[in-house]
Structures are given as structure tokens and as C-alpha cells.
1. Out of everything in segment 30-43 that is touching a residue at least 24 places away in the same chain (Cβ under 8 Å) and open to solvent by less than 60 Å² (accessible area, probe 1.4 Å), what residue ends up being farthest from K204 (Cα to Cα)?
2. Return a yes/no flag: does segment 357-379 have any residue that is among the aromatic types (F, W, Y), touching a residue at least 24 places away in the same chain (Cβ under 8 Å), within 30 Å of R141 (Cα to Cα) and out of contact with any strand residue (DSSP E or B) (no Cβ under 7 Å at 6 or more places or on another chain).
3. Would it be correct to say that Y338 is among the aromatic types (F, W, Y) and either loosely packed, with under 14 Cβ neighbours inside 10 Å or free of Cβ contacts under 8 Å to residues at least 60 places away in the same chain (or both)?
4. Mind listing whichever residues of segment 219-237 are part of a loop (DSSP other than H, G, I, E, B) and either over 20 Å from F160 (Cβ atoms) or of a type in the set (V, I, T) (or both)?
5. For segment 235-244, state whether one or more residues are modelled with pLDDT of 85 or more and over 19 Å from N327 (Cα atoms).
6. Among the residues in segment 126-135, are any of a type in the set (K, R), closer than 25 Å to R201 by Cβ, touching a strand residue (DSSP E or B) at 6+ places or on another chain (Cβ under 9 Å) and without any contact (Cβ under 8 Å) to a residue 60 or more places away in the chain?
7. Among the residues of segment 345-365 satisfying the criterion of being touching a helix residue (DSSP H, G or I) at 6+ places or on another chain (Cβ under 8 Å) and among the β-branched types (V, I, T), which is surrounded by the most Cβ atoms within 10 Å (Cβ to Cβ)?
8. Considering only residues that are modelled with pLDDT of 90 or more and open to solvent by less than 40 Å² (accessible area, probe 1.4 Å), look in segment 58-76 and name the one that is farthest from S22 (Cα to Cα).
Amino acid sequence: MQRQEKTSGKNLINLRKSNKKSILRLLSESGRLYGSDIAKRIGLSVGGTANITDEMLESGLLVKSDAESVVRGRRPYMLNINSDMGVVAVVIVKETAELYISDFGGNLLYSDETVFKDLSGETFEKIIEKLQNYMARSEKRLYAVSVGVGGKIDKDTGDFIYAPSIKDSANVNLKKMFGAAFGIPVKVYNNIVYEMLAEKRYNKEVEIFDTLYVDELGCAIFIGGKLYTGHHGFAGELGLLDIDVYGETLAKYCEGVDKYRSHYFMSPYISAFMQRDSVSPEDFAEAYRREDEGVVKRFNGFFDLYARVLRNIVEFMDLGNVVIHGNIANFGDKAIKYIENELVDSRFGRLDVKVYPSVLGTDAAVKGAISVAIEEAFDELVK
């Protein structure tokens, strides 16, 4: 007869904390829910869930709101995260460094832009100072920070392994800088990872399970429904591979690209968008959508190569979906279908893969980074 181990008080406390975090995560993703729905989604009894949510209501983690309809003569209440508990901060680096402050409901409370000539540690020190000034004026508590920036970032130490866009990047550790300034959890990812996480949350058309998410310069990969970051943390960063395979081939379609040499793997693709004087990617996309013959021919050649890159990844990883974000998605449904046809028609056998355009706009990275920062705060909230 096997002897049953007793459940210790410590284990019960940890289990209760875990259940609280599961409830916060669920409400953060789904919005307000009935207690019975929460119980069903997290796999607890209605009574057990009510005990936990009552405790969370009392501590201020959750708030009640009236249901929209009356059931059996009474109006039941719904539960949601208390958005006024505190705030999280997000820094997204593109052409400028953008700072956002959000409450726990995902509502933006503040935004600021830092213009830089050279991105460096000093740029981030200025952002930290702005965030400190905001928090000094605010009565809220800052719980977590998410930073989106390009480069190969060691997920354990926060050190940059390679970040050509950051001056003296070997001496810049954003995890340590923000952590030392505020004493809170700090998450540092490439922007495309935040975009992918936002897509998983907001795109109801695609099951982000075994999925490749891609824009012009990089990609993010979900395997088994979970983000794949690799051994060090920068898996999927196509833009920093040390090869330039398609420059000469692409030159057939884009005059001058064969002279454009760089260690950025996808840079010929970006160059393709920037040819022909001041014509913007948006102009090219609009011309493609109206089926301008010259533009369609030009960019179908581009899409042939783009699909070949995607196919190599999809076939090697055996992924089922591809979601395309950014300028390429703006070319419309016919471009997406063309890429899908080129991607699945492999000489080694047809691939069972669907290609979808992203449902998110330019704020995708911000949305994803806010959700990551909020989730990072849950450990502190349920102490």
C-alpha cells in the first residue's frame, strides 16, 4: 500500500498563490468574467474559486461590476482586475525611444518620446529619469517594466551579445539599469516578440500554437503554444544572421541591390522597399493592391524569395501557421495568398501551412509589452 504524503501548509500557500496568479492572468487576457466562468477556465470548483476571489476582492486585487442581464430575479456580478492597483512601464525603441505608462487594465496613462542621434546607455538613463519624475508626481506604485529593443540579448543576464544599433552595447544592460533604479521585475525582448505575444492575445482567427510570426527583419516562434526563445533568448532574430544569400538574386528585381552588402540577412528585403527615389512602402502596397502590372511583377519576385526563407524555417521546425506583420501584410490578401502558395509548394512535398496577415497595427509591440509587464507584476501582487 502506497503511503500518501501530507500536504504541508507551505504547499497549500503556494498553491493558493498559483491559483491567484492564474485568475489574474485569465482576467488580464479575457476581461471581466463571472465567478463560474473563472472556475471553469482554471479548473477549480465554483466554491473553491469563490473563496479565492473573495480574498482577492478584500485585498483590492479584484473589483466587482454588475452583469448586463438579470438571472433568476437577481443581477449577478462579474469580476475584473482592479486597474487602479498600480502601473507598469513600457519602453519601445524604434526610430525614437517611446515610454508608456499603463494601469492594470491596459489603459495608457502617459506617453513620452526621446529622440536620439546615437542610441546608447545615456539614452536609457534619460528615459529612466523621465520615468522617475513621473512616478514622483504620481500616487501610483510601479510594479514592472518591459523594454523592446533590437539585438541579441542573453535572457538570463540581460547582457547584449550583439546589438549594432546600441553604442557600446557591451556596457549596456537594461535589465540591471531599470532594476537598480526601481527595484522591480524587468523584461527585455526584441519588439517582434512583444508583437507576437499581442497577436496571440488579440487575434481570434489564428490558434497561435505551432506558429511563425514574421515581419521584414525578424521572427518569433511559438511551439506548443509557448514562446520559443532558445538557449540564450534571441531565437528567431533573422535580422542578425551573418549571411547575405539573396543579394545577387534580388538584384534581378531591384536595381542596385547587388551593391548593397551587409551582414543583415534580410536587409536586401528592406532595400527592395526603399528603391525608386521617394516611393514609400505604403505607395508600393497600394499599387500592388490595385494590380499595377509592373509593381505586381516586381514584388512577386520579392515574395518568391521571402517565401523561400519562411519555408526553410517552417519546414525545419514543422510549424502549422505563419502570421505576417508590417509592410508586407499591407500588400493585401492577394500578396498573402501568393506567399502562401510559394511557401507550401516545396519540391520536397507540399506543406500543410496557412499564412495569415496580422490583425494588429503599429501599436502591436506596445500592446504586447504592456501585457508582459502586467504579468510580470503578478508575483509581487500575490505575495
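The values are calculated or read from the model by the stated rules, or taken from the named source; none is laboratory data. This one's a predicted model, so the numbers in the text were calculated from it and none came from an experiment. Counting neighbours? That spans all protein chains shown, and the Cβs are built from the backbone with ideal geometry, glycine included. Calculation scope for accessible area: heavy atoms of the full protein, side chains included, ligands and nucleic acids excluded. Shrake-Rupley method; radii C 1.70, N 1.55, O 1.52, S 1.80 Å.
1. Out of the qualifying residues, it is G35.
2. Checked against the condition, which is being among the aromatic types (F, W, Y), touching a residue at least 24 places away in the same chain (Cβ under 8 Å), within 30 Å of R141 (Cα to Cα) and out of contact with any strand residue (DSSP E or B) (no Cβ under 7 Å at 6 or more places or on another chain), segment 357-379 yields at least one hit.
3. Judged against the criteria, Y338 is a match.
4. G224, G225, T229
5. Checked segment 235-244: at least one residue is modelled with pLDDT of 85 or more and over 19 Å from N327 (Cα atoms).
6. no
7. V355
8. Only one residue fits best here, namely G60.
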